[in-house]
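Asks: Take this structure first; my questions come after.
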Amino acid sequence: MNTRVIRIDPLVPDAAALIPAAQALRRGEIVAFPTETVYGLGAVWRDPEAVREIFRVKGRPQDNPLIVHEASIGRMRQYFRSWDSVAECLASAFCPGPFTLIMEHKENIDSPVTAGLATIGVRIPAHPVAQMLIELCGEGLAAPSANLSGRPSPTSGADALEDLDGKVPYIIDAGPCEVGVESTIISWVDGKLELLRPGGISAEEILKALHSQGLNIPLITEDAGRAADHEPPRAPGMKYRHYAPQARVHILRGETKEAKLEQLSRSAAEGILGSRPAFYLSEAIREKAMWILEGQNVAAFELITFTTEQAHKAAAQGLFAAFRAFDRSGCSDIWAEEQSLQQLGAAYMNRLRKASAQQHESLRNDY
Ligand code: AMP
Ligand code: MG
(Lines give C-alpha, C1' and ligand atoms only; values in the text may rest on other atoms or scores of the structure.)
(Ligands and ions follow the chains in the order given, each with its own letter.)
Protein backbone atom coordinates (compact mmCIF):
# COMPACT_ATOMS: atom_id res chain seq x y z
CA MET A 1 0.00 0.00 0.00
CA ASN A 2 1.18 3.49 -0.85
CA THR A 3 0.96 5.68 2.27
CA ARG A 4 0.20 9.31 1.56
CA VAL A 5 1.25 11.95 4.09
CA ILE A 6 -1.07 14.94 4.37
CA ARG A 7 0.83 17.86 5.90
CA ILE A 8 -1.48 20.27 7.62
CA ASP A 9 -1.37 23.40 9.78
CA PRO A 10 -2.04 22.30 13.38
CA LEU A 11 -3.80 25.50 14.44
CA VAL A 12 -5.74 26.51 11.34
CA PRO A 13 -6.29 23.26 9.45
CA ASP A 14 -7.52 23.33 5.89
CA ALA A 15 -10.67 21.20 5.71
CA ALA A 16 -10.24 20.52 1.98
CA ALA A 17 -6.88 18.83 2.65
CA LEU A 18 -8.50 16.50 5.20
CA ILE A 19 -11.39 15.38 3.00
CA PRO A 20 -9.57 12.47 1.28
CA ALA A 21 -8.64 11.08 4.71
CA ALA A 22 -12.20 11.49 6.02
CA GLN A 23 -13.50 9.71 2.91
CA ALA A 24 -11.05 6.86 3.43
CA LEU A 25 -12.27 6.50 7.02
CA ARG A 26 -15.89 6.44 5.86
CA ARG A 27 -15.00 3.70 3.35
CA GLY A 28 -13.71 1.59 6.25
CA GLU A 29 -10.00 2.35 5.98
CA ILE A 30 -7.75 3.36 8.86
CA VAL A 31 -5.88 6.67 9.12
CA ALA A 32 -3.20 8.05 11.46
CA PHE A 33 -3.97 11.53 12.78
CA PRO A 34 -2.57 14.02 15.32
CA THR A 35 -4.05 14.66 18.75
CA GLU A 36 -2.68 16.81 21.57
CA THR A 37 -1.50 13.66 23.43
CA VAL A 38 0.09 11.36 20.80
CA TYR A 39 -0.77 10.39 17.21
CA GLY A 40 -3.80 8.08 16.93
CA LEU A 41 -4.63 5.31 14.47
CA GLY A 42 -8.29 5.86 13.74
CA ALA A 43 -11.25 3.94 12.33
CA VAL A 44 -14.97 4.71 12.37
CA TRP A 45 -15.93 3.07 15.68
CA ARG A 46 -19.22 1.72 14.29
CA ASP A 47 -17.45 -0.27 11.56
CA PRO A 48 -16.34 -3.58 13.11
CA GLU A 49 -14.16 -4.58 10.14
CA ALA A 50 -12.30 -1.26 10.22
CA VAL A 51 -11.80 -1.54 13.98
CA ARG A 52 -10.42 -5.07 13.55
CA GLU A 53 -8.00 -3.69 10.97
CA ILE A 54 -6.53 -1.41 13.68
CA PHE A 55 -5.84 -4.45 15.87
CA ARG A 56 -4.33 -6.30 12.91
CA VAL A 57 -2.06 -3.48 11.70
CA LYS A 58 -0.78 -2.67 15.19
CA GLY A 59 -0.47 -6.30 16.22
CA ARG A 60 -2.59 -5.40 19.23
CA PRO A 61 -4.08 -8.18 21.39
CA GLN A 62 -7.84 -8.52 20.89
CA ASP A 63 -8.58 -8.22 24.59
CA ASN A 64 -7.23 -4.67 24.83
CA PRO A 65 -10.08 -2.20 24.23
CA LEU A 66 -9.84 1.04 22.25
CA ILE A 67 -10.81 4.58 23.21
CA VAL A 68 -13.48 6.31 21.09
CA HIS A 69 -12.69 9.91 20.13
CA GLU A 70 -15.70 12.22 19.94
CA ALA A 71 -16.44 15.80 18.97
CA SER A 72 -18.62 17.10 21.81
CA ILE A 73 -19.85 16.29 25.31
CA GLY A 74 -23.35 15.82 23.87
CA ARG A 75 -22.05 13.07 21.57
CA MET A 76 -19.83 11.59 24.27
CA ARG A 77 -22.83 11.06 26.58
CA GLN A 78 -24.56 8.88 24.03
CA TYR A 79 -22.20 5.95 24.57
CA PHE A 80 -22.92 5.65 28.27
CA ARG A 81 -25.73 3.88 30.08
CA SER A 82 -26.12 6.79 32.48
CA TRP A 83 -24.70 10.25 33.12
CA ASP A 84 -24.42 11.71 36.60
CA SER A 85 -22.95 14.70 38.43
CA VAL A 86 -19.46 13.13 38.54
CA ALA A 87 -19.42 12.52 34.77
CA GLU A 88 -20.79 16.01 34.16
CA CYS A 89 -18.19 17.62 36.43
CA LEU A 90 -15.24 15.75 34.87
CA ALA A 91 -16.42 16.22 31.29
CA SER A 92 -17.03 19.93 31.70
CA ALA A 93 -13.65 20.41 33.43
CA PHE A 94 -11.45 18.33 31.08
CA CYS A 95 -13.19 17.84 27.74
CA PRO A 96 -11.91 18.63 25.21
CA GLY A 97 -8.50 17.61 26.53
CA PRO A 98 -6.14 14.75 27.40
CA PHE A 99 -8.77 12.97 29.48
CA THR A 100 -10.61 9.65 28.89
CA LEU A 101 -13.74 8.71 30.80
CA ILE A 102 -14.65 5.03 31.21
CA MET A 103 -18.17 4.13 32.32
CA GLU A 104 -20.70 1.40 31.61
CA HIS A 105 -21.86 1.53 28.00
CA LYS A 106 -25.40 1.32 26.68
CA GLU A 107 -26.72 -2.19 26.18
CA ASN A 108 -27.02 -1.86 22.40
CA ILE A 109 -23.31 -1.12 21.96
CA ASP A 110 -21.66 -4.11 20.39
CA SER A 111 -18.30 -3.21 18.89
CA PRO A 112 -14.78 -4.65 19.01
CA VAL A 113 -13.73 -1.32 20.59
CA THR A 114 -14.94 -2.59 23.98
CA ALA A 115 -13.15 -5.96 23.69
CA GLY A 116 -16.27 -7.48 25.19
CA LEU A 117 -16.27 -5.36 28.36
CA ALA A 118 -19.40 -3.77 29.85
CA THR A 119 -17.59 -0.43 29.84
CA ILE A 120 -16.37 1.97 27.17
CA GLY A 121 -13.74 4.72 27.15
CA VAL A 122 -14.48 8.00 25.37
CA ARG A 123 -12.50 11.21 25.04
CA ILE A 124 -12.73 14.50 23.17
CA PRO A 125 -9.36 15.48 21.70
CA ALA A 126 -8.51 19.18 21.90
CA HIS A 127 -6.40 19.17 18.72
CA PRO A 128 -8.08 21.22 15.94
CA VAL A 129 -7.09 18.64 13.29
CA ALA A 130 -8.56 15.73 15.27
CA GLN A 131 -11.74 17.69 15.89
CA MET A 132 -12.10 18.59 12.24
CA LEU A 133 -11.50 14.99 11.13
CA ILE A 134 -14.19 13.66 13.51
CA GLU A 135 -16.61 16.33 12.28
CA LEU A 136 -15.91 15.48 8.64
CA CYS A 137 -16.52 11.77 9.32
CA GLY A 138 -19.69 12.49 11.27
CA GLU A 139 -18.84 9.54 13.53
CA GLY A 140 -16.67 8.87 16.54
CA LEU A 141 -13.24 7.45 15.79
CA ALA A 142 -11.83 4.47 17.65
CA ALA A 143 -8.14 5.25 18.01
CA PRO A 144 -5.27 3.74 19.96
CA SER A 145 -1.82 5.25 19.63
CA ALA A 146 -0.47 5.03 16.07
CA ASN A 147 2.56 2.86 16.89
CA LEU A 148 3.14 -0.81 16.31
CA SER A 149 2.34 -2.64 19.53
CA GLY A 150 5.15 -2.47 22.08
CA ARG A 151 6.87 0.53 20.48
CA PRO A 152 6.87 4.03 21.97
CA SER A 153 3.82 6.07 20.98
CA PRO A 154 4.42 8.43 18.04
CA THR A 155 4.47 12.13 18.92
CA SER A 156 5.09 13.45 15.40
CA GLY A 157 3.93 12.60 11.91
CA ALA A 158 7.42 11.33 11.09
CA ASP A 159 7.29 8.92 14.05
CA ALA A 160 3.89 7.60 12.93
CA LEU A 161 5.32 7.12 9.42
CA GLU A 162 8.28 5.18 10.85
CA ASP A 163 5.87 2.50 12.14
CA LEU A 164 3.03 2.63 9.60
CA ASP A 165 4.59 3.36 6.19
CA GLY A 166 2.96 1.04 3.65
CA LYS A 167 0.36 -0.16 6.16
CA VAL A 168 -2.22 2.67 6.08
CA PRO A 169 -3.51 4.86 3.21
CA TYR A 170 -3.05 8.22 5.01
CA ILE A 171 -0.98 9.79 7.75
CA ILE A 172 -2.06 13.30 8.69
CA ASP A 173 1.04 15.19 9.79
CA ALA A 174 0.53 18.32 11.88
CA GLY A 175 3.94 18.31 13.55
CA PRO A 176 4.81 17.49 17.17
CA CYS A 177 2.20 16.77 19.86
CA GLU A 178 1.82 19.23 22.70
CA VAL A 179 1.38 16.81 25.61
CA GLY A 180 3.52 13.92 24.34
CA VAL A 181 2.07 11.22 26.63
CA GLU A 182 -1.33 9.55 26.36
CA SER A 183 -4.54 10.71 28.01
CA THR A 184 -5.35 10.26 31.68
CA ILE A 185 -7.83 7.39 31.99
CA ILE A 186 -10.46 7.63 34.72
CA SER A 187 -12.91 4.85 35.36
CA TRP A 188 -16.18 5.69 37.13
CA VAL A 189 -17.93 2.35 37.59
CA ASP A 190 -20.04 1.00 40.49
CA GLY A 191 -19.42 4.09 42.60
CA LYS A 192 -15.63 3.66 42.36
CA LEU A 193 -13.44 6.35 40.86
CA GLU A 194 -10.11 4.99 39.67
CA LEU A 195 -7.17 6.47 37.84
CA LEU A 196 -6.23 3.67 35.43
CA ARG A 197 -3.49 5.53 33.61
CA PRO A 198 -1.82 8.82 34.59
CA GLY A 199 -1.61 11.20 31.63
CA GLY A 200 -2.05 14.77 30.48
CA ILE A 201 -4.43 15.68 33.35
CA SER A 202 -3.04 15.16 36.85
CA ALA A 203 -4.77 13.45 39.79
CA GLU A 204 -4.53 16.76 41.68
CA GLU A 205 -6.46 18.56 38.94
CA ILE A 206 -9.15 15.87 38.94
CA LEU A 207 -9.65 16.05 42.70
CA LYS A 208 -9.71 19.84 42.58
CA ALA A 209 -12.46 19.82 39.93
CA LEU A 210 -14.54 17.34 41.93
CA HIS A 211 -14.07 19.23 45.20
CA SER A 212 -15.06 22.51 43.59
CA GLN A 213 -18.45 20.91 42.87
CA GLY A 214 -18.76 19.49 46.39
CA LEU A 215 -18.05 15.95 45.13
CA ASN A 216 -15.78 14.46 47.77
CA ILE A 217 -15.14 11.07 46.18
CA PRO A 218 -11.85 9.29 46.82
CA LEU A 219 -9.69 8.70 43.75
CA ILE A 220 -7.96 5.33 43.68
CA THR A 221 -4.57 6.07 42.18
CA GLU A 222 -2.38 3.04 42.80
CA ASP A 223 -0.53 2.33 39.58
CA ALA A 224 -2.10 -0.68 37.90
CA GLY A 225 1.24 -1.31 36.23
CA ARG A 226 2.68 -2.35 39.56
CA ALA A 227 -0.17 -4.69 40.53
CA ALA A 228 0.89 -8.10 41.78
CA ASP A 229 0.90 -10.87 39.20
CA HIS A 230 -2.21 -12.57 40.57
CA GLU A 231 -4.34 -9.42 40.41
CA PRO A 232 -6.28 -8.87 37.20
CA PRO A 233 -5.10 -5.62 35.55
CA ARG A 234 -7.69 -2.87 35.78
CA ALA A 235 -7.07 -1.49 32.32
CA PRO A 236 -6.57 -4.54 30.10
CA GLY A 237 -3.70 -2.80 28.31
CA MET A 238 -1.70 -2.61 31.53
CA LYS A 239 -0.64 -6.24 31.36
CA TYR A 240 1.21 -5.84 28.10
CA ARG A 241 4.64 -4.49 27.39
CA HIS A 242 4.42 -0.81 26.60
CA TYR A 243 6.34 2.19 25.41
CA ALA A 244 9.58 0.29 25.12
CA PRO A 245 12.48 1.24 22.88
CA GLN A 246 14.99 -1.37 21.71
CA ALA A 247 17.60 -0.05 24.13
CA ARG A 248 17.53 -0.97 27.82
CA VAL A 249 15.96 1.81 29.88
CA HIS A 250 17.34 2.86 33.28
CA ILE A 251 16.03 5.53 35.62
CA LEU A 252 18.60 7.98 36.92
CA ARG A 253 17.23 8.26 40.43
CA GLY A 254 17.57 10.87 43.13
CA GLU A 255 15.50 13.52 44.84
CA THR A 256 18.06 16.22 44.17
CA LYS A 257 20.28 17.14 41.24
CA GLU A 258 23.30 16.13 43.30
CA ALA A 259 21.90 12.68 44.04
CA LYS A 260 21.20 12.04 40.36
CA LEU A 261 24.69 13.17 39.38
CA GLU A 262 26.15 10.95 42.07
CA GLN A 263 24.34 7.92 40.63
CA LEU A 264 25.62 8.86 37.19
CA SER A 265 29.15 9.17 38.46
CA ARG A 266 28.97 5.84 40.31
CA SER A 267 27.48 4.02 37.33
CA ALA A 268 30.17 5.44 35.04
CA ALA A 269 32.93 4.42 37.47
CA GLU A 270 31.48 0.89 37.71
CA GLY A 271 31.38 0.69 33.92
CA ILE A 272 27.68 -0.21 33.80
CA LEU A 273 26.40 2.57 31.55
CA GLY A 274 26.37 0.27 28.52
CA SER A 275 28.39 0.03 25.33
CA ARG A 276 26.63 2.99 23.72
CA PRO A 277 24.73 4.94 26.37
CA ALA A 278 22.16 7.67 25.83
CA PHE A 279 21.00 10.26 28.35
CA TYR A 280 17.66 12.04 28.72
CA LEU A 281 18.35 14.86 31.16
CA SER A 282 17.10 18.27 32.23
CA GLU A 283 19.13 21.33 31.25
CA ALA A 284 19.77 21.79 34.97
CA ILE A 285 22.19 18.86 35.15
CA ARG A 286 23.42 18.73 31.58
CA GLU A 287 26.75 20.48 32.03
CA LYS A 288 27.75 18.62 35.17
CA ALA A 289 26.66 15.31 33.63
CA MET A 290 28.82 15.95 30.55
CA TRP A 291 31.74 16.86 32.77
CA ILE A 292 31.34 13.62 34.75
CA LEU A 293 31.07 11.50 31.58
CA GLU A 294 34.13 13.11 30.01
CA GLY A 295 36.06 12.70 33.25
CA GLN A 296 35.25 9.00 33.26
CA ASN A 297 36.20 8.69 29.57
CA VAL A 298 32.71 7.71 28.51
CA ALA A 299 32.87 8.34 24.79
CA ALA A 300 30.29 8.18 22.02
CA PHE A 301 27.24 8.90 24.11
CA GLU A 302 24.00 10.48 22.92
CA LEU A 303 22.32 13.26 24.86
CA ILE A 304 18.86 14.82 24.62
CA THR A 305 17.84 17.47 27.14
CA PHE A 306 14.56 19.02 28.21
CA THR A 307 14.06 22.49 29.70
CA THR A 308 14.24 22.97 33.44
CA GLU A 309 11.34 25.38 33.44
CA GLN A 310 8.21 23.22 33.88
CA ALA A 311 10.49 20.19 33.75
CA HIS A 312 7.67 17.68 34.38
CA LYS A 313 5.83 18.87 31.31
CA ALA A 314 8.92 19.12 29.14
CA ALA A 315 10.20 15.68 30.21
CA ALA A 316 6.86 14.05 29.36
CA GLN A 317 6.51 15.90 26.07
CA GLY A 318 9.84 14.74 24.68
CA LEU A 319 10.19 11.26 26.17
CA PHE A 320 8.82 9.10 23.35
CA ALA A 321 10.57 11.15 20.66
CA ALA A 322 13.83 10.71 22.60
CA PHE A 323 13.28 6.92 22.82
CA ARG A 324 12.83 6.75 19.07
CA ALA A 325 15.80 9.00 18.33
CA PHE A 326 18.06 6.92 20.60
CA ASP A 327 16.92 3.72 18.87
CA ARG A 328 17.69 5.20 15.47
CA SER A 329 21.24 5.95 16.63
CA GLY A 330 21.66 2.38 17.83
CA CYS A 331 22.07 3.16 21.54
CA SER A 332 22.40 0.20 23.89
CA ASP A 333 21.14 1.84 27.11
CA ILE A 334 19.02 4.87 27.94
CA TRP A 335 19.46 6.71 31.24
CA ALA A 336 16.47 8.96 31.87
CA GLU A 337 16.24 11.42 34.73
CA GLU A 338 13.69 10.79 37.47
CA GLN A 339 10.99 13.43 38.05
CA SER A 340 8.79 13.84 41.10
CA LEU A 341 5.25 12.52 40.77
CA GLN A 342 3.63 15.94 40.66
CA GLN A 343 1.59 17.05 37.66
CA LEU A 344 2.82 15.43 34.44
CA GLY A 345 5.66 13.85 36.42
CA ALA A 346 3.30 10.99 37.34
CA ALA A 347 2.61 10.22 33.67
CA TYR A 348 6.30 10.55 32.78
CA MET A 349 7.42 8.21 35.58
CA ASN A 350 4.66 5.72 34.72
CA ARG A 351 5.89 5.46 31.09
CA LEU A 352 9.50 5.31 32.21
CA ARG A 353 8.85 2.54 34.72
CA LYS A 354 6.99 0.49 32.12
CA ALA A 355 9.70 0.99 29.54
CA SER A 356 12.38 0.00 32.06
CA ALA A 357 10.40 -3.05 33.19
CA GLN A 358 10.64 -4.57 29.73
CA GLN A 359 12.54 -7.62 30.94
CA HIS A 360 10.03 -8.17 33.75
CA GLU A 361 8.55 -11.63 33.30
CA SER A 362 4.96 -10.73 34.09
CA LEU A 363 4.85 -8.39 31.10
CA ARG A 364 4.15 -10.22 27.89
CA ASN A 365 6.51 -9.38 25.13
CA ASP A 366 4.05 -9.14 22.30
CA TYR A 367 1.99 -6.01 22.90
P1 AMP B 1 -4.03 3.38 23.74
O2 AMP B 1 -5.21 3.78 22.98
O3 AMP B 1 -3.04 2.58 22.98
O4 AMP B 1 -3.45 4.56 24.45
O5 AMP B 1 -4.56 2.43 24.90
C6 AMP B 1 -5.80 2.67 25.49
C7 AMP B 1 -5.79 2.19 26.91
O8 AMP B 1 -7.11 2.35 27.44
C9 AMP B 1 -5.42 0.72 27.06
O10 AMP B 1 -4.58 0.55 28.19
C11 AMP B 1 -6.78 0.08 27.30
O12 AMP B 1 -6.67 -1.12 28.02
C13 AMP B 1 -7.53 1.16 28.06
N14 AMP B 1 -8.99 1.06 27.90
C15 AMP B 1 -9.73 1.40 26.82
N16 AMP B 1 -11.04 1.13 27.03
C17 AMP B 1 -11.14 0.59 28.26
C18 AMP B 1 -12.21 0.08 29.06
N19 AMP B 1 -13.47 0.05 28.62
N20 AMP B 1 -11.92 -0.39 30.29
C21 AMP B 1 -10.65 -0.36 30.76
N22 AMP B 1 -9.59 0.10 30.06
C23 AMP B 1 -9.82 0.56 28.83
MG1 MG C 1 -0.90 2.73 22.96
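The values are calculated or read from the model by the stated rules, or taken from the named source; none is laboratory data. Quick caveat: nothing in here was measured; it's all calculated off a predicted structure. All Cβ positions, glycine included, derive from the backbone under ideal geometry; neighbour counts span all protein chains shown. Accessible surface is based on the protein model in full, side chains and every heavy atom, while ligands, DNA and RNA are left aside. Shrake-Rupley method; radii C 1.70, N 1.55, O 1.52, S 1.80 Å.
Asks: Classify segment 140-194 from the C-alpha gyration tensor, please: rounded if a/c falls under 1.5, else prolate or oblate depending on whether a/b exceeds b/c.
Replies: prolate
Asks: Let me ask another. Looking at segment 99-167, which trypsin sites (Lys or Arg not before Pro) are in a loop (DSSP not H, G, I, E or B) and have at most 14 other Cβ atoms within 10 Å?
Replies: Working: sites: LYS106, ARG123, LYS167; in loops: LYS106, LYS167.
Filter output for segment 99-167: LYS106.
Asks: Kindly identify segment 243-318 as rounded, prolate or oblate by the Cα gyration tensor criterion: order the square roots of the eigenvalues as a ≥ b ≥ c, call it rounded if a/c is under 1.5, otherwise compare a/b with b/c, prolate if a/b is larger, else oblate. Walk me through the numbers on the way to the answer.
Replies: Working: a/c = 1.71, a/b = 1.26, b/c = 1.36.
Note, shape of segment 243-318 comes out oblate.
Asks: Report, please, the projected area of segment 33-136 averaged over directions, based on the convex hull of its C-alpha atoms, in nm².
Replies: Mean projected area for segment 33-136: 6.3 nm², to one decimal.
Asks: Be a star and scan segment 96-128 for residues whose amide nitrogen sits under 19 Å from the point 7 Å along the Cα-to-Cβ vector of ARG52.
Replies: 109-117
Asks: Filter the GluC sites (Glu not before Pro) in segment 253-359 down to the DSSP loop ones having no more than 10 other Cβ atoms within 10 Å, then list what survives.
Replies: For GluC sites (Glu not before Pro) across segment 253-359 that sit outside H, G, I, E and B with at most 10 neighbouring Cβ atoms in 10 Å, the list reads GLU255, GLU309.
Asks: Which cross-chain or sequence-distant (5 or more) residues have an amide H under 5 Å from the amide H of LEU193, H modelled 1.01 Å from N in plane?
Replies: When sequence neighbours closer than 5 places are left aside, the close amide H contacts are ILE220.
Asks: Let me ask something else. Run the count for the chain, please: Lys pairs, Cα-Cα under 22 angstrom, 8 or more apart or on different chains.
Replies: 14
Asks: If you don't mind, there's one more thing I want to ask. Spin-label point model (7 Å from Cα, Cβ direction): what's the LEU303 to SER72 distance in nm?
Replies: 5.2 nm
Asks: Here's another thing I want to ask about it. Test of understanding: what is the full-extension gain from SER340 to ALA15, defined as 0.36 nm times their sequence separation minus their Cα-Cα distance? Could the numbers behind the result be given before it?
Replies: Numbers: separation 325, 0.36 × 325 = 117.00 nm, distance 4.11 nm.
Additional length available on full extension: 112.9 nm.
Asks: Given ALA244, GLY214, GLN296, which one lies farthest toward the positive end of the charge dipole of the chain, if we put +1 on the Cβ of every Lys and Arg and -1 on the Cβ of every Asp and Glu?
Replies: It is ALA244, whose Cα lies furthest towards the positive end.
Asks: When the accessible area of the chain is computed with all protein chains present and a 1.4 Å probe, what percentage of it is carbon and sulfur? Please list the in-between numbers first.
Replies: On the way: 7720 of 15840 Å².
Accessible surface attributable to carbon and sulfur in the chain totals 49 percent.
Asks: Mean shadow of segment 52-107, computed from the convex hull of its alpha carbons, in nm²?
Replies: Average projection, Cα convex hull of segment 52-107: 4.7 nm².
Asks: Follow-up question, since we're still on this one. Please give the solvent-accessible surface of HIS312 in Å², to the nearest 10, using a probe radius of 1.4 Å with every protein chain present.
Replies: For HIS312, the solvent-accessible surface is approximately 30 Å².
Asks: Does anything in segment 77-111 have its amide N under 11 Å from the 7 Å Cα→Cβ label point of ILE217, and if so which residues?
Replies: 83-91, 102-104
Asks: Hull surface divided by four, with the convex hull built on the Cα atoms of the chain: how many nm²?
Replies: The orientation-averaged projected area of the Cα hull of the chain comes to 18.2 nm².
Asks: With the contact rule set at Cα under 8 Å and sequence spacing of 6 or more, what percent relative contact order holds for segment 30-182?
Replies: Working: 313 pairs, mean separation 60.7, N = 153.
Reported as a whole number, the value is 40 percent.
Asks: Find the centroid of the Cα atoms in segment 43-67 and in segment 96-120, then give the distance between the two in whole Å.
Replies: 13 Å
Asks: For GLU162 and SER92, what is the calculated FRET efficiency with R₀ set at 45 Å and r taken between the beta-carbons, to the nearest 0.05?
Replies: The formula returns an efficiency of 0.75 here.
Asks: Count neighbours as other Cβ atoms within 10 Å of each site's Cβ, and list the GluC sites (Glu not before Pro) in segment 35-122 that are DSSP loop with at most 11 such neighbours.
Replies: Numbers: sites: GLU36, GLU49, GLU53, GLU70, GLU88, GLU104, GLU107; in loops: GLU36, GLU70, GLU107.
Of the GluC sites (Glu not before Pro), the ones in loops of segment 35-122 whose Cβ has at most 11 other Cβ atoms within 10 Å are GLU107.
Asks: Hey, another quick one. Considering only DSSP beta bridges whose two residues both sit in the chain, what percent are antiparallel, to the nearest 5?
Replies: Values: 19 of 49 bridges.
Of all bridge pairs located within the chain, approximately 40 percent are antiparallel.
Asks: Mind checking which helices in the chain clear 15 Å along their axis (Cα) and have mean Kyte-Doolittle hydropathy of -1.0 or more, DSSP H runs only?
Replies: For the chain, where a helix must reach 15 Å along its axis and average at least -1.0, the hits are 15-26, 48-58, 283-295, 311-328, 344-356.
Asks: Also: Over the chain, give the accessible area per residue in Å² for a 1.4 Å probe, as an integer.
Replies: Result: 43 Å² of accessible area for each residue.
Asks: If contacts are Cα pairs under 8 angstrom and at least 6 residues apart, what is the relative contact order of the chain in percent?
Replies: In percent, rounded to a whole number, it is 19.
Asks: How much net charge surrounds ARG4 when only the other residues with a Cβ under 13 Å from the Cβ of ARG4 are counted, with Lys and Arg +1 and Asp and Glu -1?
Replies: -1
Asks: Amide H to amide H, which residues 5 or more places from LEU303 or on other chains are under 5 Å from it, using H placed in the peptide plane?
Replies: Residues meeting the amide H criterion: PHE279.
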